[in-house]
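Chemist: Right, I'll just put the structure down here and ask away after.
The values are calculated or read from the model by the stated rules, or taken from the named source; none is laboratory data. Given the structure is predicted, the values throughout are model-derived calculations rather than measurements. Note that we place each Cβ from the backbone using ideal geometry, even for glycine, and neighbour counts take in every protein chain shown.
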Amino acid sequence: MQPPPIRLDFSEQLAAEARLAFARNVARGEAGINLAEAALQVAAEDDAIASSSTVAFPVSSYMQRIKQLADEIATQHRAVPLASSSTDPSGSSNGSGSNTSGGGGGLAALPPSEAVGAVEAALFGQQRLRLARCGRSALPARALLTHPGTHESAQPAYLNEVLVRRVGHPAALAIILHEVLQQLLVSGDITVAAAVSPPPGWAGLPRAYALPHLPRHMVLGAGTGGITLNACSSEALVELLRHLKRAYWPFQWDTSIDTQHCSHGGFRGAAKSALGSEEVTAEVRAISATAAHRLQRGIWTSPGAGDLRRCVAACERLVMLAGDEQPRERRDLGVLYLHAGLFDEAAAELSEYYRRTTRPSAAAAAAAAGLTSEDPFDLKLTQLLLKLIETGGAPGGEAASGVAAATASGAAAAKGGEGENAVMLLLL
């Protein structure tokens, strides 16, 4: 008697393939990464997770859409010099606008800075790409949110959704603008490379500027017709992943904690839930219990209460991109691993976070990255989580008592005005 056939989960395979493609892309380094492809690979993995599809996400089709955007902009500008330069204001013939060197037509005939500005204006004008109404984030400031996903939609952070709906996160628009400029450079419609800079605080539209010292022949791959130079910071991809992290975070989110990146406000809620703190409301306890029950049955998503699997995926990618420079991403991934029952992985990430943030040079490194120093209460929570993993104990008990003691000590220190020395007692 033959054994029953093994059921293959094609969605798991598709998700793994998308992650591998993302990792290979990131491995090219800052100068070689293709941000548009990487962003679409993020969408491909999340699509496989959420839809359980047996059909691969069409990354190449969406890349073709971006190329089509570039072709439309180039075609629009090729006709302009021909119409406007056939005669000059005095009526004499003028052939200066007929320069089509490199296949560039109208854009190639313009000075580099004007050509880049024309592309930018066309993309956000005629092509109608615009900012999402929420801008960088829809989370209200200085609020404790039980369900951050009810405020933060994931759509503006998925490049495929932005290409279809023409509305997106500032970082998504920056990536699309950069890829359009790259495609125009390949086709010869612009003659020099162009860099894309994010708006201050990711509030507003991205801007592009020409790089005259990098002409086309220097940045095209020899004999490949492909770009070898990325001129948009990978921070744009990090920003998209942080948006997804907020949208799928399955625990409380405190927007008053993080004033720098608005992406680290969920750790305390997740840690207290894991430790069984009495501060956790009955509603949050019910959500955690439901999520745990669904995980035991192999179901990772929790409608209305975040999506643990896609949140873990976003955090894993964040660690790949920025885990060394910003160890808080490891901290957040570690607490999610703990909730998912991946105790060894949780211990590894939390230990690495604690090691990096308590070494003597940690304060200087945080200042260099533009981050605030670590909160002693968060470090204490990390210690309690590591102790919980080490002892294999259930949430509550001694760990919960430690949370209560740390909270009380922190409140007393703040009330008594004893400053940093009193707060540091939390670590003792």
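Chemist: Which of the following residues is assigned by TED's automatic domain parsing to the domain that holds Leu129 and farther than 26 Å from Thr255 by Cβ: Leu177, Leu173, Leu159, Leu145? Quick ask: steps written out before the conclusion?
Modeler: Values: Leu173 fails: farther than 26 Å from Thr255 by Cβ; Leu159 fails: farther than 26 Å from Thr255 by Cβ; Leu145 fails: farther than 26 Å from Thr255 by Cβ.
None of the others qualify; the one that does is Leu177.
Chemist: Please find, among Ala313, Ala366, Ala305, Ala348, the residue that is assigned to a helix (DSSP H, G or I), modelled with pLDDT under 80 and surrounded by 15 or more Cβ atoms within 10 Å (Cβ to Cβ).
Modeler: Details: Ala313 fails: modelled with pLDDT under 80; Ala305 fails: assigned to a helix (DSSP H, G or I); Ala348 fails: modelled with pLDDT under 80.
Checking each option against the conditions leaves just Ala366.
Chemist: Another one. Taking the condition of being buried (at least 24 other Cβ atoms within 10 Å of the Cβ) and small (Gly, Ala, Ser), how many residues in the stretch 147-191 meet it?
Modeler: 5
Chemist: Right, next: Any residue at all in the stretch 149-158 that's at pLDDT 95 or above and farther than 20 Å from Trp202 by Cβ?
Modeler: no
Chemist: Considering every residue within the stretch 374-384, establish whether at least one is modelled with pLDDT under 85 and under 24 Å from the mean Cα position of the chain (by Cα). Lay out the reasoning, then the answer.
Modeler: Keep residues of the stretch 374-384 that are modelled with pLDDT under 85, which gives 374-375.
Within this subset, residues satisfying the condition of being under 24 Å from the mean Cα position of the chain (by Cα) are 374-375.
Yes; the residues of the stretch 374-384 include at least one that is modelled with pLDDT under 85 and under 24 Å from the mean Cα position of the chain (by Cα).
Chemist: Determine which single condition Ala70 fails, assuming it passes every other condition in (1) assigned to a helix (DSSP H, G or I); (2) modelled with pLDDT under 95; (3) more than 21 Å from the chain's Cα centre (by Cα); (4) surrounded by 12 or more Cβ atoms within 10 Å (Cβ to Cβ).
Modeler: Looking at each condition in turn, Ala70 falls short on (2).
Chemist: Among the listed residues His243, His213, identify the single one that is outside any loop (DSSP other than H, G, I, E, B), of a type outside the set (A, V, I, L, M, F, W, C) and out of contact with any helix residue (DSSP H, G or I) (no Cβ under 7 Å at 6 or more places or on another chain).
Modeler: On the way: His243 fails: out of contact with any helix residue (DSSP H, G or I) (no Cβ under 7 Å at 6 or more places or on another chain).
Selected residue: His213, the only one of His243, His213 that is outside any loop (DSSP other than H, G, I, E, B), of a type outside the set (A, V, I, L, M, F, W, C) and out of contact with any helix residue (DSSP H, G or I) (no Cβ under 7 Å at 6 or more places or on another chain).
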